[in-house]
Every structure is written in C-alpha cells, then in structure tokens.
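Step one of this worksheet: look at the structure below.
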Amino acid sequence: IKMKKLIKLLLTVVVLTLVVSACGPKAPASRYDAIMDAGKIVVGTSADYEPWEYKDADDNFVGIDMEIMREIGKRMGVEVEFQDLGFDALVTAVQEGKVDAAIAAMASTAERRESVDFSIMYYAGDNIMLAASDSDIAFTDPLTAADYKLGTQSGTIMQYWIEDNLIDPGLMETENMALYERNEQVALDLQAGRIDIALMDLEPGKQFMADPAFGFKEIWRGVMETEGQSIAIMQGEDALKAELDKHITDLLNEGFMDALFVEYGVE
C-alpha cells in the first residue's frame, strides 16, 4: 500500500512539473522575436573610427553608423544599446550571440560570411595609405607598399589585402605588417615613426590628415573591397535580416543616408 501511495505521489509530481513547464514562458522563436520582446537591440561596434563610430567629449556614441542604427531602432520601435568592442572581436561577438548585431564600417567579405550573415550594403568607399608629411615615399602602384613597414587595424579588409597581395605572394615579410586593435594606434605609430605607412578606410584617413597634430599626407587611394559596408548578424536569422534590409532600403530611398554622408563630409 505504501508503495502504491509513493508511486501515485511521484506521478502527481511529474504531472505538475509538466503542467508548470507547459505554462511557462516560451523561448523566442528567433533573434528578431527576442529583440522585439526585450524592446532593445544590442549592437556591437568599435568606437574609434571617425566619422563612422566614435565617442564625443561626453562619452556618447556618435557618428554615421550610430545614427543609422538609432534610426533603424526607432523604426523598429526598440531601444538601441551600443557596446564598444575591438573591431576584430565583433564577428565572434555576433556569432556567439553576445550582441544582436554589429555595425562598424564593416565589409561583407567572403571570409566573414563563413561566420555571420549581413544586411544589404549601405555604403561603399575607398581605402587610403598615409605617410608622414616629410616622408619621401611616393608611388602609384599600391603593391610598392611591400617595400615599407605597413600598419593597419587587425581583422579588417586592409589586413586581408596585405596578406593576400603582399605577404602571400612573397613581396613582403610578415614582420613588416604591424596590426593594431584601434585605428588611432595605427596613426600614433605612424606619427612616432614606428611604421612607414598607415593603411585604413578613406574617411578616417581624411580625419587624421585634417589634424595638423599628426602631419600626414595621402600617398595612395583606391578600392580594396567591392562588397561595401553592411550590418552583421547571426547566421540563419532571416527575420532580423529582412527587417534590417527593409529599413536600410527605406533610408537609402528617402535620402536619409545621403544627408548623413553630406553632414559628415563623406565622399
């Protein structure tokens, strides 16, 4: 009799557990659903890339990408929370779900698409090589940069370009490529003479050239990646991609993007 009562009690506990589980909150079906449920989208960036993303004197996130993401968040009806990460940590942060998306003047390269998905492109621009104003470095062929100590930001298309076009073909020794977490570190080492050439996106390069404290000049400008800039998201999140693509398309068609580029002096 006692055994029957024990079995009956255990069955009752199991049934109650199943009922409670069934009545509990269900996990969101997608990243998009999770964002809408939370009323917030968490966005990774690398706030050292003026005019795309940087911080003002009050430590606020500002720049073109920040304004684009805030406008998208407004149209989605959610708050936007930015997290400042190193550029080369962004893809991993998206892949592992630590952030919902990443925006940081990031190109949708084939290598990155192995790990994350991307929205449609919202901008495509040139790259630039800088040298000290008093330097005698001058060339028209970017492959000539192999003869110098070359610095760039790690995890960027510029790093991949150096590896694919200078190091792998044997034009330049690996030790002549200097990699940095932040773009400003590239500029500071160029200023200090620890590297001969800084390679970066055009717009940040223009910002450094405009600052007389650095004393830089342009020695080459051109296109290194035709994919252009997009927003990175976790692979397979089709609903979130569709939402971002819709708003980016609207912002492009409405002239919102063009107005931003004019405001920030982007070519």
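The values are calculated or read from the model by the stated rules, or taken from the named source; none is laboratory data. Because the structure is predicted, anything quoted here is derived from the model rather than measured. Because the Cβ atoms are built from the backbone with ideal geometry, glycine has one as well, and the counts that use them run over all protein chains shown. To get the accessible areas, we keep the full protein, side chains included, count just its heavy atoms, and leave off ligands, DNA and RNA. Shrake-Rupley method; radii C 1.70, N 1.55, O 1.52, S 1.80 Å.
In whole Hz, what ³J(HN,Hα) sequence does the range 39-45 give by Karplus (6.51, -1.76, 1.60; θ = phi - 60°), x for Gly and Pro?
x, 7, 10, 8, 10, x, 8
Any number yet on Rg/Rh for the range 170-223, C-alpha, Kirkwood? Kindly include the intermediate steps, with their values, before the conclusion.
Details: Rg = 11.5 Å, Rh = 12.0 Å.
Dividing the radius of gyration by the Kirkwood radius yields 0.96.
Counting only protein heavy atoms, what percent of the accessible surface of the range 63-206 is carbon or sulfur at a 1.4 Å probe? Spell out each step's value before the answer.
On the way: 2400 of 5720 Å².
The nonpolar share, carbon plus sulfur, comes to 42 percent.
Quick one: accessible surface of Lys55, probe radius 1.4 Å, all protein chains present, in square angstrom to the nearest 10.
Its accessible surface works out to 80 Å², give or take rounding.
Under a 10 Å cutoff between Cα atoms, tell me which one of Asp250, Asp196, Asp136 has the largest fluctuation in the Gaussian network model of the chain.
Between Asp250, Asp196, Asp136, it is Asp136 that shows the largest mean-square fluctuation.
Between Gly44 and residues 5 or more places away or on another chain, which pairs have amide H atoms under 5 Å apart, with H built 1.01 Å from N, and which residues are they?
For Gly44, the qualifying residues are Gln83, Asp100, Ala101, Ala102, Ile103.
Which percent, nearest 5, of DSSP beta bridges in the chain are antiparallel? Could the numbers behind the result be given before it?
On the way: 20 of 34 bridges.
If I count the DSSP bridges inside the chain, around 60 percent turn out antiparallel.
What figure, in Å² to the nearest 10, do you get for the accessible area of Asp59 with a 1.4 Å probe and non-protein molecules left out?
So the heavy atoms of Asp59 present about 100 Å² to solvent.
Compute the whole-percent fraction of alpha carbon pairs in the range 80-183 spaced more than 25 Å apart. Don't skip to the end; give the middle numbers.
Working: 1614 of 5356 pairs.
Tail of the P(r) past 25 Å holds 30 percent of the pairs.
What whole-number distance in Å separates the alpha-carbon centres of the range 111-186 and the range 82-107?
20
Show me the GluC sites (Glu not before Pro) within the range 90-154 that DSSP assigns to loop and that have at most 13 other Cβ atoms within 10 Å of their Cβ. Spell out each step's value before the answer.
On the way: sites: Glu96, Glu111, Glu114; in loops: Glu96, Glu114.
Filter output for the range 90-154: Glu96, Glu114.
Hey, how much of the P(r) for the range 191-267 falls beyond 17 Å, as a percent of Cα pairs?
Numbers: 1883 of 2926 pairs.
It works out to 64 percent of all Cα pairs.
Give me the one-decimal nm value for the distance between modelled label points at Lys217 and Ser133, 7 Å along each residue's Cα-to-Cβ direction.
A separation of 1.0 nm, rounded to one decimal place.
To the nearest 20 debye, what charge dipole does the range 77-234 have about its Cα centre, counting +1 at the Cβ of each Lys and Arg and -1 at the Cβ of each Asp and Glu? Show your work: numbers first, answer last.
On the way: 9 positive and 29 negative charges, 45 e Å.
Its charge dipole is roughly 220 debye.
Which value, in debye to the nearest 20, gives the size of the charge dipole of the chain about its Cα centre, when Lys and Arg are +1 and Asp and Glu are -1 at the Cβ?
2340
Pick out, from Phe216, Leu260, Val91, the residue whose Cα sits farthest towards the positive end of the charge dipole of the chain, with +1 on the Cβ of Lys and Arg and -1 on the Cβ of Asp and Glu.
The Cα lying farthest towards the positive end belongs to Val91.
Mind listing which GluC sites (Glu not before Pro) in the range 141-182 are in a DSSP loop and have 12 or fewer other Cβ atoms within 10 Å?
Details: sites: Glu163, Glu173, Glu175, Glu181; in loops: Glu173, Glu181.
Of the GluC sites (Glu not before Pro), the ones in loops of the range 141-182 whose Cβ has at most 12 other Cβ atoms within 10 Å are Glu173.
What figure, in Å² to the nearest 10, do you get for the accessible area of Arg31 with a 1.4 Å probe and non-protein molecules left out?
About 50 Å², rounded to the nearest 10.
Give me the percent of Cα-Cα pairs in the range 115-267 that sit more than 20 Å apart, rounded to a whole number.
Looking at the range 115-267, the distances longer than 20 Å represent 55 percent of pairs.
Cβ under 15 Å from Ile219's Cβ, Ile219 left aside: what net charge do those residues give with Lys, Arg +1 and Asp, Glu -1? Could the numbers behind the result be given before it?
Values: positive: Lys149, Lys206, Lys217, Arg221; negative: Asp126, Asp134, Asp136, Asp141, Asp147, Asp196, Glu218.
Result for the neighbourhood of Ile219: -3.
What shape does the range 123-199 take by its C-alpha gyration tensor, where a ≥ b ≥ c are the square roots of the eigenvalues and a/c under 1.5 counts as rounded, a/b above b/c as prolate, and the rest as oblate?
Numbers: a/c = 1.26, a/b = 1.09, b/c = 1.16.
Taking the square roots of the gyration eigenvalues as a ≥ b ≥ c, the range 123-199 is rounded.
In what order, largest first, do Met36, Met234 sit by accessible area if the probe radius is 1.4 Å?
Working: Met36 70, Met234 45 Å².
Solvent-accessible surface, decreasing: Met36, Met234.
Report the normalised scattering of the chain as log10 I(q)/I(0) at q = 0.11, 0.14, 0.16 Å⁻¹, calculated by the Debye formula with identical scatterers on the alpha carbons.
So the normalised log intensities are -0.66, -0.97, -1.20.
Based on DSSP H runs of at least 4 residues, each adding -39500 (n - 2.57), what is the mean residue ellipticity at 222 nm of the chain after dividing by all its residues, to the nearest 500 deg cm²/dmol? Working shown, then result.
Numbers: 10 runs with 103 residues, N = 267.
That calculation yields -11500 deg cm²/dmol at 222 nm.
How far, in nm, would the chain grow between Asp58 and Arg75 when pulled straight, counting 0.36 nm per residue and subtracting the alpha carbon separation? Walk me through the intermediate numbers first.
Numbers: separation 17, 0.36 × 17 = 6.12 nm, distance 2.59 nm.
Length gained, Asp58 through Arg75: 3.5 nm.
So, in the range 26-181, how many Lys pairs have Cα atoms under 26 Å apart, if the pair is 8 or more places apart or on different chains? Display every interim value, and only then the final one.
Values: Lys26/Lys40; Lys26/Lys98; Lys40/Lys55; Lys40/Lys74; Lys40/Lys98; Lys55/Lys74; Lys55/Lys98; Lys74/Lys98.
Close lysine pairs under the 26 Å cut-off: 8.
Going by amide H atoms built from the backbone, whose H comes under 5 Å of the H on Asp126, apart from near neighbours?
So Asp126 has HN proximity to Leu202.
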